[in-house]
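What follows is one structure encoded as structure tokens, with my remarks underneath.
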Amino acid sequence: MYGTVYGECHQSTTICDGVCGYINNTFALYMSLDLVNWILISNNIVPEVTKDNYYINYWMPNVGYNRLTEQYVMIYWSSRYGFKNSQVALAVSSTPFGPFVNVQPLEMQGGKIISDTTNLFVDDDNTAYVRYNTRDEPLRHVVEKLSSDWMTTTGQFSVIFEKEDFPWYDGGGMFKRKGTYYTMLSFDCCFCQWGSDARIFSSTKILGNWTYLGQLNYCADGSAPPKHVTDMTINPCSIDDPFGTNFTVPAQQFNVATLPISSEETLHLYYGERFRSSNDGLKAHDFQAWIPIKFIDACLQPMQFLDNFTLNIDMEFKK
């Protein structure tokens, strides 16, 4: 599992303060055989980021393996490009253990200015796509197809969702189930302590038309969050009290882990950052939320916060 290593700082407010979580970040790799016990392999798997991370913000690494080129490819968000232009940082390695080396960034065609989230999705046929949100209006979430070596864009893209006004939406992960593609969007959270929602969209063609399906992460009291809030300092589940009701899963969604657990079943795990959740108040020690995404037939079910859960893995399939 790849992730962002935050500096050992204390966030001073209920949302981002512009300092803590922005500087001195690196990227880490952890390994696990059971999703319970984890071993840290490296806390600096892209060494180049330490050259300027005292003023450049790095986060959200996504890694895929290109079977054609036999390379591990990472995209990640960098303030060198984010909020400035349409480029997305790109790094490669011959092994999953790194070190990853930066190469020429991707130049996306579906927007003029990339906003604050990027995500890499690899389809069954080894075709890769980048899902990103834009800062130029209308505010859009876009999925864009890459070349066969994943080093450039083909210029083919589809707009998942767009809107003219605040709040813009962060993006979560993409996944595929039984021939249907899914992606999740959420209120801009910005390290918020109450978490954010999970509005899910689907399409039978990844570059086709996307349809809004519904909400997966309701407020903890069972109510639906409002469609609009005036600014990101407001807790959508408790408009007048930022310390009131949180979302059911009080996390900012980051991605979806796809885990084949048998020859017939694949588990999809929502995961998000639970900001301001650490016992000692250090952002570097904040917890994550890992929640199974459940279906009844083709119908998605609202998420529930789970302290723990058990996976039944076909060990013969695992071998």
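The values are calculated or read from the model by the stated rules, or taken from the named source; none is laboratory data. None of the values given here were measured: they were computed from a predicted structure. With ideal geometry, Cβ positions are generated from the backbone for all residues, glycine too; neighbour counts draw on all protein chains shown.
When region 238-254 is filtered for residues that are within 24 Å of Asn308 (Cβ to Cβ) and not in a strand (DSSP E or B), the ones remaining, listed by number, are Thr245, Asn246, Thr248, Val249, Pro250, Ala251.
Filtered by the rule that a residue be modelled with pLDDT under 95 and over 24 Å from Ala128 (Cβ atoms), region 172-195 gives Phe187, Asp188, Cys189, Cys190.
Being among the polar types (S, T, N, Q), closer than 18 Å to Arg67 by Cβ and surrounded by fewer than 24 Cβ atoms within 10 Å (Cβ to Cβ) is a condition met by no residue of region 109-124.
Yes or no: Ile234 free of Cβ contacts under 8 Å to residues at least 24 places away in the same chain, surrounded by 15 or more Cβ atoms within 10 Å (Cβ to Cβ) and either assigned to a loop (DSSP other than H, G, I, E, B) or of a type in the set (S, T, N, Q) (or both)? Criteria met by Ile234.
The residue that is nearest to Phe309 (Cα to Cα), among those in region 255-286 that are in contact with a strand residue (DSSP E or B) (Cβ under 8 Å, 6 or more places away or on another chain) and assigned to a loop (DSSP other than H, G, I, E, B), is Ile261. I need the full set of residues from region 65-112 which are closer than 25 Å to Ser42 by Cα and polar (S, T, N, Q), in order please. Residues satisfying the conditions are Asn66, Thr69, Gln71, Ser78, Ser79, Ser93, Ser94, Thr95, Asn102, Gln104.
Could you go through region 156-171 and let me know if any residue there is under 19 Å from Thr258 (Cβ atoms), part of a strand (DSSP E or B) and modelled with pLDDT under 95. Within region 156-171 (the criterion being under 19 Å from Thr258 (Cβ atoms), part of a strand (DSSP E or B) and modelled with pLDDT under 95), the answer is yes, since at least one residue qualifies. Do any strands (runs of 3 or more DSSP E) lying entirely in region 1-111 carry at least 3 residues that are hydroxyl-bearing (Ser, Thr, Tyr) and out of contact with any Phe, Trp or Tyr (no Cβ under 8 Å at 6 or more places or on another chain), and which ones are they? Of the strands (runs of 3 or more DSSP E) lying wholly inside region 1-111, none has at least 3 residues that are hydroxyl-bearing (Ser, Thr, Tyr) and out of contact with any Phe, Trp or Tyr (no Cβ under 8 Å at 6 or more places or on another chain).
Say whether the condition of being touching a residue at least 24 places away in the same chain (Cβ under 8 Å), more than 21 Å from Phe201 (Cα to Cα), touching a Lys or Arg at 6+ places or on another chain (Cβ under 9 Å) and crowded, with 20+ Cβ neighbours inside 10 Å is met by at least one residue in region 254-268. Looking through region 254-268, none of the residues is touching a residue at least 24 places away in the same chain (Cβ under 8 Å), more than 21 Å from Phe201 (Cα to Cα), touching a Lys or Arg at 6+ places or on another chain (Cβ under 9 Å) and crowded, with 20+ Cβ neighbours inside 10 Å. Checked against (1) over 22 Å from Phe287 (Cβ atoms); (2) within 17 Å of the chain's Cα centre (by Cα), Gly208 meets all criteria but (2). When the residues of region 67-89 are filtered to those that are over 21 Å from Arg140 (Cβ atoms) and within 20 Å of the chain's Cα centre (by Cα), the one that is surrounded by the fewest Cβ atoms within 10 Å (Cβ to Cβ) is Arg80.
Under the condition of being hydroxyl-bearing (Ser, Thr, Tyr), surrounded by fewer than 15 Cβ atoms within 10 Å (Cβ to Cβ) and within 21 Å of Val256 (Cα to Cα), the residues counted in region 1-53 number 2.
Of everything in region 214-231 that is aliphatic (A, V, I, L, M) and farther than 17 Å from Lys294 by Cβ, the residue that is surrounded by the most Cβ atoms within 10 Å (Cβ to Cβ) is Ala220. Do the conditions hold for Lys176, that is, is it over 16 Å from the mean Cα position of the chain (by Cα) and assigned to a strand (DSSP E or B)? Considered against the rule, which asks whether it is over 16 Å from the mean Cα position of the chain (by Cα) and assigned to a strand (DSSP E or B), Lys176 comes out as no.
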